């Protein structure tokens, strides 16, 4: 199995690079974003309106313009809550893979590479979510104290089954939150993580012999048939509770 | 822009100020990039926001075209490719059935939103049907591209219901991609973040297989 295959990270767009490299425009954008990311969208619109005024359409869609700051901060706080929830789940996954690797329980080279590669991805998710939360002015959730020893004690089969279950929970959790995310770039990031959790889940389900269809929403490489099932926060947190000390 | 009802007040405001949604999204993405730093959003900015000016209906029809393509690929492949192993055949049939369900769901969603579903494209998979290896290789391209296409379009979807539906489909595309990749002996998840692709890039990738 070739575990080295990887797409290079997307190059930032040239306009983005320009922003990054130009202190004055960066300052301007940062100032605009000072009211919070969601709030900044309205400011952006106002700022962009001036150079578009000649082509301005007078079409009124019937909806009042979004001007209220309170609703903007409510959006940001909702997104922060979702990001911290995701961060907690990613911490849990990353920690589990680390413990599995450290325990030396995995002898098979391919499975070991898989665990390493999946664990690295979860850690990358932790890092990205932490940075995003900090950038939004939020406080990242602390790393939960985990309780995976009982799983490790039961042997490799239980370890892989638990990994599969946790990944399926992760996929269902992101799917449950996606329609609630207000900020578009946070949504883009969540979607990019969501399908990676789904890939991990399908691979592990296959590895532990769950086949295409399982008995529950968390089993089977395609557990819900053609459509993934979302899970809400309470249900996901209840399901991972046994692994949190 | 479509005449679909805008449920998102931020998007409604865009029309008032004469901006297209796509330019709005690109601009807001750039703003966020400046705030977050490229490490947090860099991988998502380039692909996720460059959708054309269409609305949810255009996105649904775009998705429908891709699902038709995948469905035809597996349906014809199961009948045409000689020497498929039992495992590959089983996988291909499962995926064919899933893509058929996606076609049906998207068709219904488009009609439900008052739109007109696109018709199935004429397809030609050429040498991909010459062997199991070639078949699985193109399957991997289709599934990975499907994931990137949905992920790229997702942020441009304005209806939360349609976003939820697209999300439940793309999760399965991600699972398909993993299974096909395992069948090909490569890692099921090549990246920590699945790269979003814009419509133009997706169309470029699938164009060789669409006739006329």
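The values are calculated or read from the model by the stated rules, or taken from the named source; none is laboratory data. The structure displayed is predicted, hence computed values, not measured ones. Please note: Cβ atoms are built from the backbone with ideal geometry, for glycine as well, and neighbour counts cover all protein chains shown.
Computed values, structure above
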{"read-out": "Pairs where the first residue, in the stretch B:80-105, is within 11 Å of another protein chain (Cβ to nearest Cβ) and on the phi > 0 side of the Ramachandran plot and the second is surrounded by fewer than 20 Cβ atoms within 10 Å (Cβ to Cβ) and modelled with pLDDT under 95, C-beta under 6 Å, 6+ apart", "value": "none"}
{"read-out": "Qualifying residue in the stretch A:232-244 (condition: over 29 Å from residue B:88 (Cβ atoms), under 14 Å from the mean Cα position of the chain (by Cα) and at the interface with another protein chain (Cβ under 7 Å from one of its Cβ atoms))", "value": "no"}
{"read-out": "Odd one out for residue B:204 among (1) in contact with a helix residue (DSSP H, G or I) (Cβ under 9 Å, 6 or more places away or on another chain); (2) at pLDDT below 95", "value": "(1)"}
{"read-out": "Residue identified as surrounded by fewer than 16 Cβ atoms within 10 Å (Cβ to Cβ) and in contact (Cβ under 8 Å) with a residue 60 or more places away in the chain among A:235, A:189, A:245", "value": "A:245"}
{"read-out": "Any hit, the stretch B:197-207, residues being free of Cβ contacts under 8 Å to residues at least 40 places away in the same chain, facing chain A (nearest Cβ under 10 Å) and more than 20 Å from residue B:72 (Cα to Cα)", "value": "no"}
{"read-out": "Selection count where residues are under 25 Å from residue A:80 (Cβ atoms) and not in a helix (DSSP H, G or I), scope the stretch A:159-210", "value": "3"}
{"read-out": "Residue in the stretch A:212-226 that is out of contact with any strand residue (DSSP E or B) (no Cβ under 8 Å at 6 or more places or on another chain), surrounded by fewer than 23 Cβ atoms within 10 Å (Cβ to Cβ) and over 29 Å from residue B:105 (Cβ atoms) present", "value": "no"}
{"read-out": "Test: residue B:120 is under 27 Å from residue B:161 (Cα atoms) and either at pLDDT 95 or above or within 13 Å of chain A (Cβ to nearest Cβ) (or both)", "value": "yes"}
{"read-out": "Index of the failed condition, residue A:142 passing every other in (1) more than 14 Å from chain B (Cβ to nearest Cβ); (2) within 22 Å of residue A:104 (Cα to Cα)", "value": "(2)"}
{"read-out": "Which numbered condition residue A:190 fails, given (1) within 30 Å of residue B:71 (Cα to Cα); (2) facing chain B (nearest Cβ under 7 Å); (3) under 20 Å from the mean Cα position of the chain (by Cα)", "value": "(2)"}
{"read-out": "Residue list for the stretch A:151-172, restricted to those being without any contact (Cβ under 8 Å) to a residue 12 or more places away in the chain and either out of contact with any helix residue (DSSP H, G or I) (no Cβ under 8 Å at 6 or more places or on another chain) or surrounded by 17 or more Cβ atoms within 10 Å (Cβ to Cβ) (or both)", "value": "A:153, A:154"}
{"read-out": "In the stretch A:193-209, residue nearest to the other protein chains (Cβ to nearest Cβ) [restricted to those that are in contact with a helix residue (DSSP H, G or I) (Cβ under 9 Å, 6 or more places away or on another chain) and surrounded by fewer than 23 Cβ atoms within 10 Å (Cβ to Cβ)]", "value": "A:206"}
{"read-out": "Answer from B:95, B:69, B:84 - the residue that is within 16 Å of residue B:125 (Cβ to Cβ), at pLDDT 95 or above and assigned to a loop (DSSP other than H, G, I, E, B)", "value": "B:84"}
